[in-house]
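Let me begin by presenting the structure, written as structure tokens, before commenting on it.
The values are calculated or read from the model by the stated rules, or taken from the named source; none is laboratory data. As the structure is a prediction and not an experimental result, all values here were calculated from the model. Note: ideal-geometry Cβ built from the backbone for every residue, glycine included; neighbour counts use all protein chains shown. Note: accessible area is taken over every heavy atom of the protein model, side chains too, but ligands, DNA and RNA are not part of it. Shrake-Rupley method; radii C 1.70, N 1.55, O 1.52, S 1.80 Å.
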Amino acid sequence: MTRGQAEARKAEIASAGTGGKAVTDTKAEARDEAEATRSGTGDTAKASDVATRGEKDGEDAGDPWTAFGPAPDPVLTRPRRAVRAVGRFVVHEWTLAAVASLALAVLMTWPTLRYPRYTLPQDYWDPSLQSWQLAWSGHILLTDPGQLWSSNTFFPEPWSFAFSDTLLGYAPAGMIGAGPEDALLRYNIMFVLAHALATFGAYALARQLGAGRIGGAVAGASYAYAPWLLAQAGHLHILSNGGIPLALAMLARGHGWSLRHGYRPRRRHAGWAFAGWLVAAWQLSLGFGIGLPFAYLLAGVVLVSAVVWFVRRRRVKRPFGRRLLLADLLGGLVFAAVGAALAVPYFKVAELHPNAARTLGDIQLYSPPASGFFTAPAESRIWGDLHEGARAALPWHPEMTLLPGFVLYALAAGGLFFSVWRVRHRLFLLAGVLVTMALAMGTRFLDGRFTYVPLFEHLPGWNGLRTPGRMMLWTTLLLGLLAAGAVTAFCARVREVAAAERVPPWPGPWLRLATLVPLLLVVVEGLNVTPHPVVPRQPAVMRTVDGPMLVLPSSQNLDQPVMLWSTDQFQRMVNGGSGFTPDSQAQAREATVSFPDFASVDYLRRRGVKNVVVLRDRLAGTPWEGMLDRPVDGLGVTREEVGDAVVYRL
């Protein structure tokens, strides 16, 4: 082979090598493109890599058709990702619902937050007691948690914090601030937040069950601002009911269940179920007045769920799922443990104070007639004056004016015939409304023989519930769900009309406004004229005198502001107000009517009382009127003037 032939042979081999490499690259690109096609047309990153390699290997980089290809997703920096996440959170439905609930609560409870350090809604008796409860729980949990149930009031009675519903779940708020003014501010804030949570909780439940946004809003507003609740404005433990629908919504979400769509296993979420149990436990910690029926409802739900699991376990493998079953087990144990721990002090009180137990005679006294379901309290701006005559016919109208709202009645009635709920579900809701109404009537419905009395006699703790009318809470919630179904169906019909007449199918302004009319009517009917009296100022003597002490004059109503005044020092005192009067307190009041004399001084010394504080401006018209004119000679007692009060040191 000549030299020229050898060079030609090398060139041929080199050319063949280059061509082989090109063929190999082309096949690799073809495989990449096929792989990208199989994984989906959205895999733009891999297609971009193929195009880039093609350009490097000599393909036409200036091909104008590449301008029409999808642009690669921008790579966001960490700050931009954070901003985007915050933006999504701000415009999320639940964020907007929470903000709207809070704004509505501020407006509907106004002027609660106008002078929150000086006024209380409704009156200054029970709200003063509950202001003290919030302060005491926060104070004692920070200083001496072991003494939680032995409060500074009702000295020397043990377990005195359990003489009423405690609102213990609000204890974290009680850890902030000190003194009467902070206690009032704290109470008023929690009063507004309780309304907001009730609105949000009922909204969340209606939405989880399948209602639309406006239907959910109707359920939330009707539940939180029903006219009958205006008579309970002085009872924060009754208004603090938002945890009930919120817990039910979370439990339904966790179990993948809704009223409209049934059971959807793929939507199960163990975390939501466990969170629902925690919210239920927190709700129970606010008091047994409304928490006890809620606990029995959950017990019934657990029983039904256990039966369903047993029936379906052969047909469906793990119908609830292992993780969900574990979440329910742990959550149920937490709920039961909280309930048991809170019940112990109340059983102790029932054992030590037999007079604290309710009787069927007490239930009869507070049982409302059927006319109460159509009578509004005096605090209703719309119906208050119009129903004055109807209220006068009720034996005890503060607990018997049970109108949930005529608008709510109408919407719920419409929901029986026109609704997104199935017919059987509407009938179930109607049955719940009728049953809870019968329970709310106590012994007025067939003497309670088949409704309230069996519960009173056989369910543990039920005999501690004094007012059957508060079962109206459940009636209101069920009526709200019926109304939500009707409003959701109405809104869907509006969209259908818009779809037939407009392109794109978006309702016109008048149609959109029409969908808001039910919500506006419910809100208007919930407007109130609740008074906000100024709370009597704390006497200076309450900041200086140590306990154990007795403040005179003393009575159920007079002692409740005194409890509030003690939130500076929490000195021990004989005074206290609750749902019943302990025998020892009744004896102390009777024994001190003649104070100061030898018998009363000796009695107080034996009780361990060191100081007696007499408030001058409160003596008129009480059994202690004129006591300041009595001498203390020979009693071993010193008398001191402190501002408008007189202190007797024993």
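Multiply the residue separation of HIS458 and PHE406 by 0.36 nm, subtract the distance between their alpha-carbon atoms, and state the gained length in nm to one decimal.
Residue separation times 0.36 nm, minus the Cα-Cα distance, leaves 15.2 nm.
Applying the Karplus parametrisation 6.51 cos²θ - 1.76 cosθ + 1.60 with θ = phi - 60° to the phi angles of the range 420-425, what ³J(HN,Hα) value in whole Hz is obtained for each residue in order, glycine and proline being reported as x?
Taking θ as phi minus 60°, the curve returns 7, 6, 5, 4, 5, 5 Hz for the range 420-425.
Using 0.36 nm per residue, how much length does the chain from TRP396 to PHE374 gain when fully extended, once their Cα-Cα distance is taken away?
In short, 6.4 nm is gained.
Can you give me the relative contact order of the range 416-568 as a percent, contacts being Cα pairs under 8 Å and 6 or more apart?
Answer for the range 416-568 is 20 percent.
Between LEU141 and LYS348, what is the FRET efficiency for a Förster distance of 25 Å, r being their Cβ-Cβ separation, to the nearest 0.05?
Details: r = 19 Å, r/R0 = 0.78.
According to the calculation, E is roughly 0.80.
Going by the alpha-carbon gyration tensor, a ≥ b ≥ c the square roots of its eigenvalues, is the range 574-625 rounded (a/c under 1.5) or, if a/c is not under 1.5, prolate (a/b greater than b/c) versus oblate?
Oblate, because a/c is 1.5 or more while a/b does not exceed b/c.
Compare THR488, THR581 by solvent-accessible area with a 1.4 Å probe and give them largest first, with all protein chains kept in place.
Values: THR488 10, THR581 50 Å².
Final ranking, largest accessible area leading: THR581, THR488.
Helix 78-90 versus the longest principal axis of the chain: what angle, 0 to 90°, nearest 10, using Cα atoms?
Between helix and principal axis, roughly 50 degrees.
Which whole-angstrom value gives the distance between the alpha carbon centres of the range 214-242 and the range 533-558?
Taking the Cα centre of each part, the range 214-242 and the range 533-558 sit 33 Å apart.
Efficiency by 1/(1 + (r/R0)^6): what FRET value for LEU303 and TRP94, r their Cβ-Cβ distance, R0 = 35 Å, to the nearest 0.05?
Efficiency, from the Cβ-Cβ distance: 0.65.
May I ask you to evaluate 6.51 cos²θ - 1.76 cosθ + 1.60, the Karplus curve with θ = phi - 60°, for each residue of the range 250-263 and list the ³J(HN,Hα) values in order in whole Hz, giving x for glycine and proline?
So the J values, rounded to whole Hz, are 5, 5, 5, 4, x, 9, x, 10, 9, 5, 7, 10, x, 8.
Roughly how many Å² of TRP159 are accessible to a 1.4 Å probe, to the nearest 10?
Only protein atoms counted, so the area is about 70 Å².
Based solely on its DSSP helices, what 222 nm [θ] is calculated for the chain when runs of n ≥ 4 H residues each add -39,500 (n - 2.57) and the sum is averaged over all residues, nearest 500 deg cm²/dmol?
-18000 deg cm²/dmol
Is the range 123-170 rounded, prolate or oblate when judged by the Cα gyration tensor, a ≥ b ≥ c being the square roots of its eigenvalues, rounded requiring a/c under 1.5 and prolate requiring a/b larger than b/c?
Note, shape of the range 123-170 comes out oblate.
With a cut-off of 8 Å between alpha carbons and a minimum separation of six or more residues, what is the relative contact order of the range 90-240 in percent?
That works out to 29 percent.
Hey, rough spin-label estimate for ARG84 and ASP362, points 7 angstrom out along Cα→Cβ, what's it come to in nanometres?
With each label placed 7 Å out from Cα toward Cβ, I get 6.1 nm.
What does the extension gain come out to for ASP633 and ARG649, with contour length at 0.36 nm per residue minus their alpha carbon separation?
In short, 4.5 nm is gained.
Roughly what angle does helix 406-415 make with the longest principal axis of the chain, taking Cα atoms, 0 to 90 degrees, to the nearest 10?
40 degrees
Say each of THR622 and PHE418 gets a label point 7 Å from the Cα, pointing the same way as Cα to Cβ; how far apart are those two points in nm?
Each label point is offset 7 Å from its Cα along the Cβ direction, giving 6.0 nm.
Just to make sure I understand: if all protein chains stay in place, what is the order of VAL106, VAL609, VAL524 by accessible area at 1.4 Å, largest first?
The ordering from most to least exposed comes out as VAL524, VAL106, VAL609.
Averaging sequence separations of C-alpha pairs under 8 Å and six or more residues apart, then dividing by the length of the chain, give the relative contact order as a whole percent.
Reported relative contact order: 16 percent.
So how do 448-461, 143-156 stack up, highest first, on mean other-Cβ count within 10 Å?
Going from most to least packed, we get 143-156, 448-461.
For the chain, what proportion of DSSP beta bridges, expressed in % and rounded to the nearest 5, is antiparallel?
Around 75 percent of the beta bridges assigned by DSSP in the chain are antiparallel ones.
With axes computed from alpha carbons, what is the tilt in degrees of helix 126-143 against the longest principal axis of the chain, rounded to the nearest 10 within 0 to 90?
70 degrees
Using alpha-carbon positions, what is the distance between the centroids of the range 445-467 and the range 111-185, in Å?
30 Å
Placing +1 on the Cβ of each Lys and Arg and -1 on the Cβ of each Asp and Glu in the chain, which of TRP159, LEU402, PHE490 has its Cα farthest towards the positive end of the resulting dipole?
In the chain, that residue is PHE490.
How much accessible area per residue does the chain have, in Å², with a 1.4 Å probe?
The answer is 50 Å² per residue.
Of all alpha-carbon pairs in the range 501-583, indicate the percentage at a distance above 23 angstrom.
Values: 1848 of 3403 pairs.
Here the tail beyond 23 Å accounts for 54 percent of pairs.
What ranking of HIS195, HIS269 comes out by heavy-atom accessible area, probe 1.4 Å, highest first?
HIS269, HIS195
Does anything in the range 108-138 have its amide N under 20 Å from the 7 Å Cα→Cβ label point of GLN556, and if so which residues?
121-133, by backbone N distance to the label point.
Apply the Karplus curve 6.51 cos²θ - 1.76 cosθ + 1.60, θ = phi - 60°, to the phi angles in the range 450-456 and return the couplings in whole Hz, x for Gly and Pro.
10, 10, 7, 4, x, 5, 4
For THR119, list long-range residues whose amide hydrogen, built 1.01 Å from N in the peptide plane, is under 5 Å from its own amide hydrogen.
Amide H to amide H, under 5 Å and 5 or more residues apart or across chains, THR119 pairs with VAL535.
Assuming R0 = 56 Å, can you tell me the calculated FRET efficiency for the pair ALA431 and ASP602, based on Cβ-Cβ distance, to the nearest 0.05?
Details: r = 63 Å, r/R0 = 1.12.
Calculated value: 0.35.
Evaluate the distance, in nm, between pseudo-label points positioned 7 Å from the Cα of GLN569 and of LEU333 along their respective Cα→Cβ axes.
Here the answer is 4.7 nm between the modelled labels.
Counting only protein heavy atoms and using a 1.4 Å probe, what share of the accessible area of the range 403-481 belongs to carbon plus sulfur, as a whole percent?
70 percent
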